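As structure tokens, the structure follows; a few thoughts come after it.
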Amino acid sequence: MSDVTLATLPIEAALQQAQVNGQHRPTSLISMRDIWKTYQMGTEEVHALHGVSFDVNKGEYIAIIGPSGSGKSTLMNLIGCLDTPSKGDYWLNGKNVSEMDDDELARIRNQEVGFVFQTFNLLARATALHNVELPLIYGGIGSTQRHEMATQALKAVDLSDRVTHRPNELSGGQRQRVAIARALVNHPSILLADEPTGALDTHTSKEIMDLFERLHSEGNTIIVVTHEHDIAARAHRILSIRDGLIEKDEKIK
Amino acid sequence: MKLLRSDIYENLRMALSTLLANKLRSFLTVFGVVIGVITVMLIASIISGIDVSVKKEVESFGTRSIFISKFSPGIHVGRRSREERMRKELSYDDAIALSNLPAVELSVPFLDITNNFFGQKLLVSGGGKTTAGVALQGTLPEFERAGTQVVSEGRFFTQSEEDTKQDVCVIGSKVADDFFKFGSPVGQTIKIGSDEFRVVGTLQKREQFLISGGSDDQNNVIYLPFSVAKKLKPNADDIYILAVGRSGQMDEAKDQVRDLLRVRRQVSFAAPDNFGMETAESILDNFRSITAGLAIAMVVISSVGLMVGGIGVMNIMLVSVTERTREIGVRKAIGAKRSDIMWQFLIEAATLTGIGGVVGLSIGWLSTFLLRLLLPSYVPLWAPIGGFVASVGIGLIFGLWPAWKAARLDPIESLRYE
Ligand SMILES: Nc1ncnc2c1ncn2[C@@H]1O[C@H](COP(=O)(O)OP(=O)(O)OP(=O)(O)O)[C@@H](O)[C@H]1O
Ligand SMILES: [Mg+2]
């Protein structure tokens with residue numbers, strides 16, 4: 001089955017490439033074409049990504065796997081508009097991200113993408129509620145509405161009883177759930193998670209992955225980077241990356 | 001909208017917690033601002049105090065008065081120059097000549113006989129008491145029309161009393177209080193030296209203020225007819241003149257007085273005046289130079305303070321930006337624009353210096369109460385407003401570079417920052 005998928009893939013890609021070249025907007029949620037990311041290390045050039053192309057449709061649940069240093073985080077950061085490619089085109093929701101300026105990228109990060117980090121990255125001095133409110137603040141949402149939305153998002157990750165806690169008063173799993181609530185509060189097009197369970201124990205990891213599964217079943221598009229095969233196995237499609245290239249792209253469900 | 005986005009409340013809270021986390025550093029940072037603002041408050045109220053005094057001075061001096069004396073007006077330090085010491089006295093005839101000028105309404109001479117021939121103060125007694133040190137001035141009845149002294153009881157002496165050298169006098173309110181505490185002084189007798197004088201009138205109390213306080217108390221004065229004063233001390237020649245210009249013709253009056261006196265006192269064409277003229281305007285100018293000096297001192301001291309505070313706040317904010325690189329990365333990752341980060345740090349810097357400003361305002365305000373023991377003064381509204389605006393402004397200006405540094409940080413690099 002996976003062979004079939006693989007076999008058909010280049011044709012799909014070629015078709016979508018043609019659309020792109022003909023100035024048609026790609027219909028998929030994410031469309032990456034020949035993406036390069038090159039770092040200058042002294043005189044040497046390090047290619048973290050060289051020529052990555054793929055598409056993601058709305059509602060997909062994708063795992064990105066690959067050995068350490070293969071470029072997974074680099075790719076995620078590009079998808080999440082935290083970073084810009086050295087070369088290539090990236091369409092998100094039909095908009096060409098590679099041509100955007102700083103403010104537009106900030107807007108995309110705020111509205112279109114929800115990012116979950118391995119190390120949570122919550123503001124230590126702020127309460128759970130305030131952490132979740134932050135993206136709404138930058139989205140220009142008034143305080144009453146934003147309070148309501150943040151409370152709702154915390155409820156969705158089962159943290160209604162931890163609203164006023166600060167990160168150091170929460171367990172690792174709870175912190176990650178606050179981070180997920182923060183990522184989801186603006187109702188983004190995609191939820192990106194770079195090794196979201198990397199800092200959690202097996203049991204808590206399972207809880208978080210259950211939450212992802214639920215979020216996916218509610219219609220969210222999810223991309224997860226992971227090292228663990230059983231976590232990757234929960235996704236519906238697996239992108240395997242090696243040395244900055246997509247080695248394998250298989251649908252498993 | 002911009003400010004709403006950057007979440008002022010959060011920024012204020014963060015500024016306060018940064019402040020509390022680094023008490024010593026913050027104290028040093030805002031210290032300069034505190035000093036600067038205290039300076040503004042204090043000097044502003046000193047200036048206001050001087051302003052009040054000047055207004056009173058000018059009121060009692062009379063806006064149309066021209067005060068003419070042998071020497072230039074103003075505070076004099078040290079021995080006068082030879083030219084000044086050689087100057088000829090002003091005369092009764094000078095005063096009469098000035099009163100005939102078209103732009104001059106009246107002109108009266110004053111003969112000062114406070115000191116006797118031997119330079120001792122004449123003894124004055126009345127109501128059973130005796131003092132020395134009352135100013136004794138001989139003048140003409142027209143003086144009353146100058147309006148700078150108002151008769152409160154009785155009357156001023158008359159031209160016929162002047163012509164017939166009657167021993168009458170008009171007394172200042174302090175003299176009236178000192179000698180005749182009970183009952184009216186009018187009709188009573190005052191002894192000056194060995195001569196007895198009949199009090200025909202008393203004068204209203206003139207406002208006292210710091211600048212002209214002390215021994216030449218304006219109310220501790222007795223006015224006699226000029227001719228009588230001359231009779232009392234025949235060799236007296238210490239004369240000054242009060243001329244009053246016609247309404248709306250002050251400039252002409254000054255010019256005419258000057259020209260006539262130069263002719264009468266034989267000042268050659270290019271030489272400077274050999275007499276002094278003082279008007280309300282020139283008094284104002286004197287005070288203006290004092291207030292200008294104070295204002296410059298205020299600007300200098302407060303600028304230095306604010307600069308020190310500004311550099312301190314820049315330093316603390318640069319440290320804060322470095323310490324919070326990761327936080328900046330997180331904020332950018334969830335959608336903060338450069339301008340949002342910029343505002344965050346600007347507001348933080350302004351809060352820091354603003355707190356310094358408020359502390360300075362409070363201390364400054366308290367110290368103006370102490371000042372009021374020395375000088376009648378008030379705090380003009382511009383001082384606290386200006387002080388606060390300046391302290392917040394300093395935070396904004398010196399916070400600009402750190403804020404810009406923070407805003408420019410790359411999200412990925414800041415997230416990786418350990
Ligand atoms: N800022 C940078 N400067 C230079 N090289 C970089 C930089 N960031 C990443 N790289 C290089 O790019 C390659 C890919 O890095 P990336 O972080 O994407 O790997 P990864 O697949 O996420 O690895 P891991 O599983 O360990 O997280 C690595 O070889 C890394 O050294
Ligand atoms: Mg990684």
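Here, the stretch B:121-225 yields an orientationally averaged convex hull projection of 6.5 nm² when only Cα atoms define the hull. Normalising the average separation of contacting C-alpha pairs (under 8 angstrom, six or more residues apart) by the number of residues puts the relative contact order of chain B at 31 percent.
For residue A:245, the amide hydrogen comes within under 5 Å of the amide hydrogens of A:50, counting only partners 5 or more places away or on other chains and with H modelled in the peptide plane. If you run the Gaussian network model on chain B, springs between alpha carbon atoms under 10 Å, then out of B:324, B:80, B:338 the most flexible one is B:80. Within 10 Å of the Cβ of each residue in A:105-115, the mean number of Cβ atoms contributed by other protein chains is 4.
What the phi angles of the stretch A:237-244 give under the Karplus curve with 6.51, -1.76 and 1.60, with θ = phi - 60°, is a coupling list of 8, 10, 9, 9, 10, 9, 6, x Hz, glycine and proline written as x. Of interest is the spacing of the C-alpha centroids, which for the stretch B:33-111 and the stretch B:136-202 amounts to 25 Å. Of all beta bridges that DSSP places with both ends in the protein assembly as shown, some 70 percent have antiparallel geometry.
Looking at the stretch B:121-225 alone, DSSP beta bridges between its own residues are antiparallel in about 65 percent of cases.
With a 10 Å cut-off around each Cβ of B:11-18, the average count of Cβ atoms from other chains is 1.
How many partner chain Cβ atoms sit within 10 Å of a residue's Cβ in peptide A:90-103, on average, as a whole number?
1
Amide H to amide H, with H built 1.01 Å from N, residue A:61 comes under 5 Å of A:222, A:236, A:237, counting only residues 5 or more places away or on other chains. In percent, rounded to a whole number, the relative contact order of chain A is 27, using alpha-carbon pairs under 8 Å and six or more apart.
Here's the picture: charge each Lys and Arg Cβ at +1 and each Asp and Glu Cβ at -1 in the protein assembly as shown, and of B:12, A:145, B:183 the one pushed furthest to the positive end of that dipole is B:183. Of the Cα atoms belonging to the protein assembly as shown, the radius of gyration and Dmax stand at 44.4, 140 Å. Start at zero, step by 20 Å, and the Cα-Cα distances of chain B spread as 21, 35, 21, 17, 6, 0 percent across the bins. Along the stretch B:146-154 the Karplus relation, 6.51 cos²θ - 1.76 cosθ + 1.60 evaluated at θ = phi - 60°, assigns HN-Hα couplings of 5, x, 7, 10, 10, 6, 9, 8, x Hz to successive residues, with x for each Gly and Pro. For chain A, DSSP calls about 60 percent of its internal beta bridges antiparallel. Working note: Karplus 6.51/-1.76/1.60 with θ = phi - 60° gives the stretch B:131-138 the couplings 9, 10, x, 7, 6, 10, 10, x Hz, where Gly and Pro are set to x.
For the peptides A:233-239, B:191-197, A:210-216, B:331-337, the ranking by packing is B:331-337, A:233-239, A:210-216, B:191-197, with the highest mean count of neighbouring Cβ atoms within 10 Å listed first. Determine which lysines satisfy two conditions relative to residue B:174: a Cα distance under 27 Å, and not lying fewer than 8 residues away in the same chain. Partners within reach: B:55, B:56, B:121, B:129, B:165, B:191, B:205, B:230, B:231, B:233. Report, ordered by chain and residue number, the aspartates and glutamates lying within cross-link reach of residue B:88, taken as a straight Cα distance under 15 Å and ignoring same-chain residues fewer than 8 apart. Counting by Cα, and skipping residues close in sequence, residue B:88 has these aspartates and glutamates nearby: B:237, B:238, B:273.
With only Cα atoms counted, the stretch A:172-253 has Rg and Dmax values of 12.9, 35 Å. Within straight-line reach of residue A:251, meaning a Cα separation under 18 Å, sit the following lysines at least 8 residues removed in sequence or on another chain: A:58. Between residue A:86 and A:36, A:37, A:38, the built amide H atoms are under 5 Å apart, and every one of these is 5 or more places off in sequence or on another chain. In percent, how large is the relative contact order of the stretch B:121-225, given Cα pairs closer than 8 Å and 6 or more residues apart? Relative contact order, the stretch B:121-225: 40 percent.
Each reported figure results from applying straightforward, stated rules to the coordinates on display, with no laboratory input. Keep in mind that this is a model prediction, so the values were computed, not measured. Ideal geometry is used to build each Cβ from the backbone, glycine not excepted, and the neighbour counts take in all protein chains shown.
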